[in-house]
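Data first, discussion second: the structure below is written as structure tokens.
Just so it is clear, none of the values below were taken in a lab; they were calculated from the coordinates. On a predicted model such as this, the values are computed, not experimentally measured, just so you know. Reconstructed Cβ throughout: ideal geometry from the backbone, glycine too, with neighbour counts over all protein chains shown.
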Amino acid sequence: MLKRRPNNSYDLTPTCTKRLSTAVLIILVISAFVYVCCSKGGGRLILLSSALRPVETANPDNLPESAIQVWETVPMRVTAYCPCSICCGQYADGITASGHKIQHGDAFAAAGPEYSFGTEMIIPGYNGGKAVRILDRGGLISGNRLDVFFDSHQQALEWGVRYLQVKVPSR
């Protein structure tokens, strides 16, 4: 609290000094943030959301090295399954080993423990060539073997057994 002295000067108490120091610190932080935003925006203040671009539209040449996914090709035996009791037995409850609740139209794969849940892979002929995540496990799946998910048993049968060059993240 400010105390006025008889000579019209003010005495700063420790509480007042602490509040003043906090206020100065907040002003400095806000000033630094505005400076960074202005310098990134060519001298004009820009909204942070307008400075961000979705990865799909970003130019790979401008991305940092850590943001670029490096793939390696691995030969794999790829079979298929659906959520029915013929394919899944006692585990035909509509929930994958990772806890994912299966929805119609889902595209994911089951792999052995060599690949952690969430690992993305590009499997030729499946999901339009887009990456799918590992969301399930299987008792007979290990090593260079995958099981891709389909909505129906007939679709899984039509896939059959394929030996493919699957793209996996480099380790």
(request) Report relative contact order for the range 65-169 in percent, whole number only (criteria: Cα-Cα under 8 Å, sequence separation at least 6). (result) 45 percent
(message) Neighbour counts of other C-beta atoms within 10 Å: give me THR119, THR79 arranged from fewest to most.
(response) THR119, THR79
(request) May I ask you to compute the full-extension gain from ARG19 to HIS153, defined as 0.36 nm times their residue separation minus their alpha-carbon distance, rounded to one decimal in nm? (result) 41.4 nm
(message) Could you give the length gained by full extension between ILE27 and ARG133, i.e. 0.36 nm per residue of separation minus their alpha carbon distance, to one decimal place?
(response) 33.6 nm
(message) Multiplying the sequence separation of ASN144 and GLN165 by 0.36 nm and subtracting their Cα-Cα distance, what value in nm do you get?
(response) 6.5 nm
(request) Taking the Cβ of each residue in ILE122, ILE27 as the centre, tally the other Cβ atoms inside 10 Å and list the residues starting with the fewest. (result) ILE27, ILE122
